[in-house]
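Taking it in order: structure first as structure tokens, then the write-up.
Read the figures in this text as sums done on the coordinates, not as results from a lab. What you see is a predicted model; the values in this text were computed from it and never measured. Reconstructed Cβ throughout: ideal geometry from the backbone, glycine too, with neighbour counts over all protein chains shown.
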DNA sequence: ATGTAAATGAAAACGCTTCTCATTACTATT
DNA sequence: AATAGTAATGAGAAGCGTTTTCATTTACAT
Ligand SMILES: [Mn+2]
Ligand SMILES: [Mn+2]
Ligand SMILES: [Zn+2]
Ligand SMILES: [Zn+2]
């Protein structure tokens, strides 16, 4: 993933788009709210508006560069599209996000859609629980 | 499900609560937004505020009478808790909601949580697609 | 019937996201 | 390199579903 991908997506190469892409790829973290990205920019001294962050992330989504998740109800979480499809397991205590792939579940989902007469376009699987670390911390 | 369930839940038996429960159980439809419930009440001539609808649905959720889903990002969808746990398959064209149960997936989810060190509390599985009817309607 | 705490409706506030619009920055062309 | 033309940006307003506030009403135990 490089800035050239921005051009490939038919988007002009602008400073906000380059910086936002950098943050998504450089960080050890993989899942960001728009606010997360915005704060990262501010911390780096970039004066980029929150509206632009939302706009650019939405454009990146349309271009297939990032995916948008709705882990809890309230807000969107964005993730760079690198590596294969995967699902998520989330800690309800500390907010940690882990990833997993299960081919059996993937296949079963297709079977279910087919049996129900649906032409499947997408699916969402979130597992919620208490992570190992949080289980240690006083129940 | 009867009005006595409202009392069992430790809630006073009030007209809004009775009417809302009636709508949830009488309708052929099973999945309602708060607005859906509100409009049903208005159509029946009941003058119940939208704030009360939200309050009551949230109370019903806490009492275990209804579940809340977040099918698309924007808003909550409520469903009476009758019958066993199930997951959902949704038409992205017409909004139809179908239900399914798959014990293999249920078990695999538990296995995944365990393997990841999580104590599972909940899970969400939505399959999105185009339903049989909508596939007929010109691509 | 009466008292008291809980529930209600209307409107305001809320949090996240999108829109508006005047200004600025890209890019292609000269 | 200067210019023109179009797309992108930032600030703030607006939008939307939902929650909160608060004065009034209601349920229910006495
Ligand atoms: Mn992920
Ligand atoms: Mn259902
Ligand atoms: Zn945790
Ligand atoms: Zn359909």
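Among the listed residues A:98, A:122, identify the single one that is part of a strand (DSSP E or B), within 23 Å of residue A:24 (Cβ to Cβ) and more than 16 Å from ligand 3 (Cβ to nearest atom).
Working: A:98 fails: more than 16 Å from ligand 3 (Cβ to nearest atom).
Going through A:98, A:122 in turn, just one is part of a strand (DSSP E or B), within 23 Å of residue A:24 (Cβ to Cβ) and more than 16 Å from ligand 3 (Cβ to nearest atom): A:122.
Looking only at segment B:28-46, decide whether some residue is within 16 Å of residue B:99 (Cβ to Cβ), within 12 Å of the chain's Cα centre (by Cα), away from DNA strand D (no atom under 13 Å from the Cβ) and touching a residue at least 12 places away in the same chain (Cβ under 8 Å).
Yes - at least one qualifying residue is present in segment B:28-46.
How many residues does segment A:101-125 hold that are more than 16 Å from residue B:88 (Cα to Cα) and surrounded by 15 or more Cβ atoms within 10 Å (Cβ to Cβ)?
1
Residue B:98 is checked against (1) crowded, with 18+ Cβ neighbours inside 10 Å; (2) at the interface with chain A (Cβ under 10 Å from one of its Cβ atoms); (3) within 16 Å of DNA strand D (Cβ to nearest atom) and fails just one. What number does that condition carry?
Every listed condition holds for residue B:98 apart from (3).
Among the listed residues A:39, A:93, A:55, identify the single one that is closer than 30 Å to residue B:33 by Cβ, surrounded by 12 or more Cβ atoms within 10 Å (Cβ to Cβ) and out of contact with any strand residue (DSSP E or B) (no Cβ under 7 Å at 6 or more places or on another chain). Steps first, please.
Values: A:39 fails: closer than 30 Å to residue B:33 by Cβ; A:93 fails: out of contact with any strand residue (DSSP E or B) (no Cβ under 7 Å at 6 or more places or on another chain).
So the residue among A:39, A:93, A:55 that is closer than 30 Å to residue B:33 by Cβ, surrounded by 12 or more Cβ atoms within 10 Å (Cβ to Cβ) and out of contact with any strand residue (DSSP E or B) (no Cβ under 7 Å at 6 or more places or on another chain) is A:55.
Suppose we keep only residues that are away from chain B (no Cβ under 14 Å), free of Cβ contacts under 8 Å to residues at least 60 places away in the same chain and buried (at least 16 other Cβ atoms within 10 Å of the Cβ) within segment A:61-80. Which one would you say is farthest from DNA strand D (Cβ to nearest atom)? Step through it out loud before you land on a result.
Narrowing segment A:61-80 to residues away from chain B (no Cβ under 14 Å): A:62-66, A:79-80.
Narrowing the set further to residues that are free of Cβ contacts under 8 Å to residues at least 60 places away in the same chain leaves A:62-64, A:66, A:79.
Remaining after also requiring buried (at least 16 other Cβ atoms within 10 Å of the Cβ): A:66, A:79.
Numbers: A:66: 15, A:79: 20 Å.
Here the residue is A:79.
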